[in-house]
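Read the structure below first, then the notes.
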Amino acid sequence: MHNMNITFTTEYAAKAGEKYYFVASEMNVVCSIDIKENKMEIVGCIPDEGIFTERVSIKIVVWNEELIFIPMNGKKIWFFHIAEKKWRSVSIKNEDIQRKVRQAFIYRERLFMIGCHYPAVVSIDLRTKEIEYIDAPYKAVKNYYKKASGVGYFRHDCVIKEHLLYIASFITNKVLIFNLDNFEWKYITIGNSENGFSGIAWDGEFFWLSPNNEPFVIRWDGKKLYEKYSFSCQSKDEIVMFTGVVSCGKNIIFPAKDAKYTLMFRKTNGEEWVQIEKRYSFYNICNNEVIYGTTDGKIGIIRPNNESFIIQCSCKISELLEKMNITIREYKDFFCDKFLNIVHENGNLNLNELLCYLNIMQLNKVDLYKNVTNNKRIIWNRLIEKEFLGR
């Protein structure tokens, strides 16, 4: 078992210097990627959080020589000095809120965190550590949030134009325009449906809005005029069709999450688009590079010169146990709980994880099936029968 690999997935990766950094979704493990060496290394873990805590942080901001880990299920904001390997933290109010923040950035020496389930824009002066909480934009749509059954206020994508932040609501057909200098704000409503948006991008002339679960995308002038471009609905069970939307070169890309196809539009003509049969856990532009992740634990990097790299984010279980100071008993308990209480956002268990589980628990397929009840049988049908029995 020690010689088996464990594969990590993630929802974000950031570049600092010549390396890329991410936090594993499955547990509190911070990793780095060296594309020259074509390898992933374990850096450590975010302090004061359990090793087996999921989605501790899914956003990293690079500032000076530090990585800032924005809390998702974690409690604090953590700063990691890369060269000195030192940690420091900043506390915020209501630290026990889960799924706090997906989006954060730095504007004029201030760190802005846009709450997902955290009901405020949090602004922190990085020099004085003064913290301000701007909750009025959240109170204005609180009724929509209550009706949304656990869906957050905002997801990841945003646009910053000069001093204005544009971020699309995930629960209403509105875009929040937020002044980063004086914190004034307003919502602009787009269209008649109250369906929300999973992202917003700017192509230099128009905004593009990614739908939550409606079969159309929107091109918007930033004021009153907009156009809808429809595409065929790909499945009835899509919850969040796209991870967001990205303006990349001459194209507008809507990376598929639950949808079957990623959509790519031409900037010059919204009627021209193609379908790409790929799905992503995230898809970003960072320092003019495309950085994306897949649900099978790969991170891809495409540089402006079209040079590309794909790194498998995995390591030996023995390396994980040693570097994270985990006992084999703790690791077995982790996988047992993980299989019997699936908490992945998309409801599926990674096949590599399932294989590890089978090995660790020493169960055969019959014993495993007895432990699978109700919705867990989906795992049996999709993974076990297909992969083990060849059906």
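For this structure, a couple of remarks:
- Pairs where the first residue, in the range 114-140, is without any contact (Cβ under 8 Å) to a residue 24 or more places away in the chain and the second is open to solvent by less than 20 Å² (accessible area, probe 1.4 Å) and assigned to a helix (DSSP H, G or I), C-beta under 7 Å, 6+ apart: Ala120/Tyr138
- Condition check for Asn73 on (1) among the polar types (S, T, N, Q); (2) open to solvent by less than 60 Å² (accessible area, probe 1.4 Å); (3) more than 30 Å from Ile311 (Cβ to Cβ): one failure, at (3).
- Of Met264, Met241, all but one fail to be under 22 Å from the mean Cα position of the chain (by Cα), at pLDDT below 95 and closer than 27 Å to Ala140 by Cβ; the exception is Met241.
- Within the range 150-186, the set of residues being open to solvent by 40 Å² or more (accessible area, probe 1.4 Å), assigned to a strand (DSSP E or B) and not hydrophobic (A, V, I, L, M, F, W, C) comprises Lys161, Lys186.
- Residue match in the range 131-149 (condition: buried (at least 23 other Cβ atoms within 10 Å of the Cβ) and at pLDDT below 95): no
- Looking only at the range 1-23, and only at residues there that are of a type in the set (A, V, I, L, M) and modelled with pLDDT of 95 or more, the one that is surrounded by the most Cβ atoms within 10 Å (Cβ to Cβ): Val23
- Condition check for Val122 on (1) over 23 Å from Ile285 (Cα atoms); (2) in contact with a His (Cβ under 6 Å, 6 or more places away or on another chain): one failure, at (2).
- Subset of the range 107-130 that is among the hydroxyl-bearing types (Ser, Thr, Tyr) and within 16 Å of His163 (Cα to Cα) - its residue that is surrounded by the most Cβ atoms within 10 Å (Cβ to Cβ): Ser123
- Qualifying residue in the range 318-326 (condition: closer than 17 Å to Glu11 by Cβ and either buried (at least 16 other Cβ atoms within 10 Å of the Cβ) or at pLDDT 90 or above (or both)): no
- Of all residues in the range 51-90, those satisfying the criterion of being of a type in the set (D, E, K, R) and in a strand (DSSP E or B) are Lys59, Glu66, Lys86, Arg88.
- Residue match in the range 68-82 (condition: within 25 Å of Ile326 (Cβ to Cβ), basic (Lys, Arg) and modelled with pLDDT of 95 or more): yes
- Listed by position, the strands (runs of 3 or more DSSP E) enclosed by the range 244-301 that each have at least 1 residues that are among the aromatic types (Phe, Trp, Tyr) are 251-254, 262-266, 269-276, 282-286, 289-293.
The values are calculated or read from the model by the stated rules, or taken from the named source; none is laboratory data. For clarity, every value in this text was computed on a predicted model and none was experimentally measured. Cβ atoms come from the backbone with ideal geometry, glycine included; neighbour counts cover every protein chain shown. Protein only, heavy atoms only, side chains kept; ligands, DNA and RNA dropped before computing areas. Shrake-Rupley method; radii C 1.70, N 1.55, O 1.52, S 1.80 Å.
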